[in-house]
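Heads up, the thing below is written out as structure tokens.
No lab work stands behind these numbers, since they all come straight from the coordinates. Note that the coordinates shown come from a computational prediction; the quantities given were computed from them, not determined experimentally. Note: ideal-geometry Cβ built from the backbone for every residue, glycine included; neighbour counts use all protein chains shown.
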Amino acid sequence: MSIFNTFSKSVRGASHEKNKKECQDSSRIFETGNFAVAITADGHGDDACFRSEVGAKFAVETAEEVLKSAILEIEKERDMNIFLTAIKVKIINKWQEKVKEHLKHNPISKQNAVDFKPYGTTLIIVASSQELWFALQIGDGICVVLDNTVGIPQMVFNDDSQMLGDTHSLCEKNAQSNFKHKFGISPLFGAFAATDGVQNSLAEDYLLYGFAPNLFRDLNSKLEEAKNDLENFVLPNLSQKGGDDVSISCFVNTAKFGECNFNFLDKNSKMKGENKNLKNENINLKNEMLQKEREIINLLDENKNIEQCIIETKKELGKVQSELINTSGNLSVTNKKLLEVKDKLLQTKNELSLKENEIADMCTGKDKLLKLTTVLANERIEKDKIIENLKAELDKKIAELERTNEENAKFRYLAFGLYRKITILETDCQATQKLGDEL
């Protein structure tokens, strides 16, 4: 039979219901070995963290898987700091593996780089056995324990994770360095982990001196009634009051709880007043720290601007040096080209001188050419006259030849007629001869 009474619940915030957003919180309570373990995670509401409800779910699942395995080895590990550091590393690595696997099946874009920011979430763990307890936290929210060393509920970690409105997250590159842990070598009477939806809806004094004692006392003495009140009244009212999702995981050690004395609320009113004074001083110190941090941030911004100016100036100097080097090279090339142009100009000048001489010679021979042209023209006129005379004589000869050809044609005709007559006479003679011979 378990010695722990436990409760865990996440309720969607009123503002999320109004805007039809999913609950971005996740919570879980379980027992393993002789430990009770309470876990809560709060997915970031930033627009860039649009899968934070998945990230919160993975965070709670991962924490349970890692702790169920690690707690079995806790008695063998003498150094709790080493043990808890190893747990943080395992949780971060396994959470990243789950995110990568989810991205593999549900890619955001075609980019190859893995971006964990859309899954950003906080994580709070508190666990206790009969011998020791430990807590881990990254990001905002609250972890409250009730042990036998102080006897009053107290926050395990100072709420310094959101000094300037931001909060640390599992999605950060330096998540391990912002993942806090604490432990004690004694059992806890009770403990709870709650998201900032609970913390921001209650004043700190009431949270520690009213809400926490009543929660532990009711879980110890009237478990079912306490669960019903938390599930149906307390958490829904807190979600309406603050508007944010609310989650709480808690346990009470029933075997040890009887040793806890809650009369401190009456007996230690003086201490409570002193605590209020200390709280006011703490608030003032926080405000001073905030102011100093703002000043530091402004100085850092100025320093970044100066560094940026230096970087840009160095870039400009580099460009100028490159331009000077290029200009020097260009000047060398230009000088070489100028020398070449000079040589060409000298050559052109010499060529022009030669041309001028040729033109002068041509001008001198121009008169000779004109005289020669006149002589040639006169000779051509005389030759044209000779050609005309020759053509006239040729025409006469042709006319005479044509007349001679006509006379020759007539003569040939007469000769042909005579030839035929002679031929006929010869034939007649031969016939007469033949006849004479026959006679």
**Pairs from Lys98/Lys173; Lys88/Lys256; Lys68/Lys94; Lys68/Lys98 whose Cα-Cα separation, in the structure shown, is over 19 Å** = Lys88/Lys256
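Count the net charge of all other residues whose Cβ sits under 11 Å from the Cβ of Ser69, scoring Lys and Arg as +1 and Asp and Glu as -1.
Working: positive: Lys68, Lys90, Lys94; negative: Glu64, Glu65, Glu73.
Residues close to Ser69 contribute a combined charge of 0.
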**Prompt:** Pick from Ile306, Ile381, Ile296: which is most flexible by mean-square fluctuation in a GNM of the chain where alpha carbon atoms under 10 Å apart are linked?
**Reply:** Ile381
**Complete:** For the chain, whose charge dipole is built from +1 on Lys and Arg Cβ atoms and -1 on Asp and Glu Cβ atoms, the candidate among Gly151, Ser15, Leu230 with its Cα farthest towards the positive end is Ser15
**Request:** Report, by chain and number, residues whose modeled amide H sits under 5 Å from the one on Leu123, excluding near sequence neighbours (fewer than 5 apart, same chain).
**Result:** Asp42, Ile138
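If eta is 1.306 mPa s and T is 10 °C, what Stokes-Einstein diffusion coefficient results for the range 317-361, Kirkwood Rh from Cα pairs, in µm²/s?
121
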**Fill in**
Taking r as the C-beta separation of Asp205 and His105 and R0 as 60 Å, the FRET efficiency to the nearest 0.05 is 0.80
**Prompt:** Hey, which aspartates and glutamates would be in cross-link range of Lys342, C-alpha to C-alpha under 15 Å, not counting anything within fewer than 8 residues on its own chain?
**Reply:** Glu351
**Item:** Bins of 5 Å, starting at 0 and running to the largest distance - Cα pair percent for the range 4-267
**Value:** 1, 6, 13, 18, 19, 17, 13, 7, 3, 1, 0, 0, 0
**Request:** Return the single residue from Glu259, Glu379, Glu101 with maximal mean-square fluctuation; model: Gaussian network over the chain, springs between Cα atoms under 10 Å.
**Result:** Glu379
**Prompt:** Reachable aspartates and glutamates from Lys344, Cα under 19 Å, same-chain residues fewer than 8 places away excluded?
**Reply:** Glu356
**Message:** Just to confirm a number: summing +1 for Lys and Arg and -1 for Asp and Glu over residues other than Val99 whose beta-carbon lies under 14 angstrom from that of Val99, what do you get?
**Reply:** +2
**Item:** Gyration tensor (alpha-carbon) shape descriptor, the range 25-143, a/c threshold 1.5
**Value:** prolate
**Residues Met362, Met80, Met289, sorted so that the one with the fewest Cβ neighbours within 10 Å comes first** = Met362, Met289, Met80
**Request:** Using the structure shown, select from Lys9/Lys100; Lys57/Lys100; Lys21/Lys100; Lys117/Lys182 the pairs with a Cα to Cα distance greater than 21 angstrom.
**Result:** Lys9/Lys100; Lys21/Lys100; Lys117/Lys182
**Message:** Among Trp133, Val99, Ala191, whose Cα projects farthest towards the positive end of the dipole of the chain, with charges put on the beta-carbon of Lys, Arg (+1) and Asp, Glu (-1)?
**Reply:** Val99
**Request:** Using a Gaussian network model of the chain whose springs link C-alpha atoms within less than 10 Å, name the residue from Ser27, Ser249, Ser221 with the highest mean-square fluctuation.
**Result:** Ser221
**Asked** With labels modelled as points extended 7 Å from the Cα through the Cβ direction, what inter-label distance (nm, one decimal) is found for Lys337 paired with Ile297?
**Response** 5.7
